[in-house]
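What follows is a set of notes on a single structure, which appears directly below.
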Amino acid sequence: MEGQGHDLHLLHITGDERRSFEEKRWIFVFLTLAPLIGLTATYAVQLTQPVREPFVMYSYPVMAPIMLGSMLWNLLGGYSRLAERITVVLLAVLAVLHNLSFALKPTLPESPSFVGSASYWTLVLHACVILLLLPVRQAGHLVGTLYLICVALPWVLNAETFTPYLGAMIRTQGATFSVLLAILCLAWYRQRYVDRAREALMLRQLAISDLFSSSGTQDSHRP
């Protein structure tokens, strides 16, 4: 398995391992398809707006072909651990870039009572995918680091613009923290459930093996 870890195809694996990859790749297909539709619709709407968001105009045309290629690769049964690691890096970079764009050129309402930024939802979505690709502990550290970076960017790079929106920004960033914390807790619980289910299955298989081996020993001693 490890020898082929960087270049796997579903035709070369069978059994539970194949089913695991099958489930995982279909999750990735739907996780790619939904944002791809959203990206296309958002880009089309942005073309009609007098004020266009730079991140949407410059990054979406690059992201869309990559996402389409990833979706087709998974549909064809491809799998690569190296591709997973590259995906994690791209997701982290894109989350930071989106929040960097928001920090430098924010679109803020006239009233400072509420600030809604798509960049934070980008962070949440990417965090969900990262939690599917990495072990919970590694993903938690990465997501926590990304959150701290994205929260700090507006105040470090453009504090004068965001100071009148202090209360609204705290509420928005706090809500993002709550969502990320809930996702991390669910991922941790899922991992604990999987570990316990795997342990129970292993104990059951050992018990069955011991039962058959003891039965075979008794039969061999019979006259």
Note to self: I'd like the full set of residues that are touching a helix residue (DSSP H, G or I) at 6+ places or on another chain (Cβ under 6 Å) and not aliphatic (A, V, I, L, M), limited to the stretch 148-169.
What the structure shows: C150, P154, N158, F162
Check: Counting only residues that are aliphatic (A, V, I, L, M) and modelled with pLDDT under 85, how many does the stretch 37-63 have?
Finding: 6
Item checked: Where V179 falls short, out of the listed (1) modelled with pLDDT under 90; (2) more than 21 Å from K105 (Cα to Cα) -> (1)
Notebook entry, point to check: Considering only the stretch 139-171, how many residues are under 12 Å from the mean Cα position of the chain (by Cα) and not hydrophobic (A, V, I, L, M, F, W, C)?
Noted result: 1
Item checked: Criterion violated by A168 - all others in (1) small (G, A, S); (2) surrounded by 15 or more Cβ atoms within 10 Å (Cβ to Cβ); (3) at pLDDT 90 or above satisfied -> (3)
Item checked: Cβ pairs under 6 Å, 6+ apart, first in the stretch 60-86 and within 16 Å of G38 (Cβ to Cβ), second buried (at least 17 other Cβ atoms within 10 Å of the Cβ) and modelled with pLDDT of 80 or more -> Y60/L39; Y60/Y43; A64/L39; M67/T32; M67/L36; S70/T32; M71/T32
Check: Looking only at the stretch 85-108, which residues are β-branched (V, I, T) and within 12 Å of the chain's Cα centre (by Cα)?
Finding: T87, V88, V89
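The values are calculated or read from the model by the stated rules, or taken from the named source; none is laboratory data. Source: prediction; values computed, not measured. Positions of Cβ are backbone-derived with ideal geometry, glycine not excepted, and every protein chain shown enters the neighbour counts.
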